[in-house]
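The values are calculated or read from the model by the stated rules, or taken from the named source; none is laboratory data. Bear in mind the structure is a predicted one, so any value in this text is a computation, not a measurement. Heads up, the Cβs are rebuilt from the backbone with ideal geometry, glycines too, and the neighbour counts pull from every protein chain shown. Protein only, heavy atoms only, side chains kept; ligands, DNA and RNA dropped before computing areas. Shrake-Rupley method; radii C 1.70, N 1.55, O 1.52, S 1.80 Å.
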Amino acid sequence: NSFCTLLEMSGLDPELRAAYEEIQKLLAELKEVQAKKTKLLEQRRGLGAQQNENQLVKTELNHLEPGARVYKLIGPALVEQSETDAKTIVEKRLEFIGQEIQRTESAVEDIDKKEDAIRAAVVSQQERMNKRHQMLQKQQQQPQQQE
């Protein structure tokens, strides 16, 4: 890694070391944030699948012939359910899933902003290290030029 080389070349300059350590801390935080984002995206996919499944059930319920019987699977048993109850339950479930999708998408947006902020902080620390390294190189060259 070029920053390790910078640290070695600088004789472990305190300012370079501090910037390097800050970058390492930021990268660890970024990794943690990305893991959370992955988990949220998986959750979002699952919610999308649930939403599609319930949308299909709703469509089927809306196409029932008058007097058709509706059954709900509860464990190993099919239990008869009124058409009205079934429609209400599916509608409530779709509403809940929609809210969860919005909550999850909002959390992903927040994480995206946090990722951007962390990346910007890493770039800032890298720039700080580069400037310090250049300054140290100039300082090392100046005494050599005077000799």
Residue pairs within 7 Å by beta carbon, gap of at least six or interchain, first lying in region 63-83 and free of Cβ contacts under 8 Å to residues at least 12 places away in the same chain, second hydroxyl-bearing (Ser, Thr, Tyr) and surrounded by 10 or more Cβ atoms within 10 Å (Cβ to Cβ), listed first then second, are LEU78/TYR71; VAL79/TYR71; GLU80/TYR71; GLN81/TYR71
Item to check | Check on LYS113, touching a residue at least 24 places away in the same chain (Cβ under 8 Å), open to solvent by 60 Å² or more (accessible area, probe 1.4 Å) and of a type outside the set (Val, Ile, Thr) | outcome: no
Just a yes or no: is a residue in region 44-66 open to solvent by 50 Å² or more (accessible area, probe 1.4 Å), within 30 Å of MET129 (Cα to Cα) and not in a helix (DSSP H, G or I)?
-> no
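Look through SER82, SER124, SER106 and report the one residue that is in contact with a strand residue (DSSP E or B) (Cβ under 8 Å, 6 or more places away or on another chain) and either at pLDDT 95 or above or among the small types (Gly, Ala, Ser) (or both).
On the way: SER124 fails: in contact with a strand residue (DSSP E or B) (Cβ under 8 Å, 6 or more places away or on another chain); SER106 fails: in contact with a strand residue (DSSP E or B) (Cβ under 8 Å, 6 or more places away or on another chain).
Going through SER82, SER124, SER106 in turn, the sole match is SER82.
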For GLU80, the lone unmet condition from (1) exposed (fewer than 11 other Cβ atoms within 10 Å of the Cβ); (2) part of a helix (DSSP H, G or I) is (2)
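If a residue must be over 30 Å from ARG69 (Cβ atoms) and open to solvent by 90 Å² or more (accessible area, probe 1.4 Å), how many such residues does region 85-109 contain? Explain how you work it out, then say what you get.
Keep residues of region 85-109 that are over 30 Å from ARG69 (Cβ atoms), which gives 99-109.
Then keep just the ones that are open to solvent by 90 Å² or more (accessible area, probe 1.4 Å); that gives 99, 102-103, 109.
Selection size over region 85-109: 4.
Identify all residues within region 1-43 that are in contact with a His (Cβ under 9 Å, 6 or more places away or on another chain), in a helix (DSSP H, G or I) and either open to solvent by less than 60 Å² (accessible area, probe 1.4 Å) or at pLDDT 95 or above (or both); write none if there are none. Write out each step before concluding.
First, pick out the residues of region 1-43 that are in contact with a His (Cβ under 9 Å, 6 or more places away or on another chain): 6, 9-10, 13, 16.
Of the ones still in play, those that are also in a helix (DSSP H, G or I) are 6, 9, 16.
LEU6, LEU16 - these are the residues of region 1-43 that are in contact with a His (Cβ under 9 Å, 6 or more places away or on another chain), in a helix (DSSP H, G or I) and either open to solvent by less than 60 Å² (accessible area, probe 1.4 Å) or at pLDDT 95 or above (or both).
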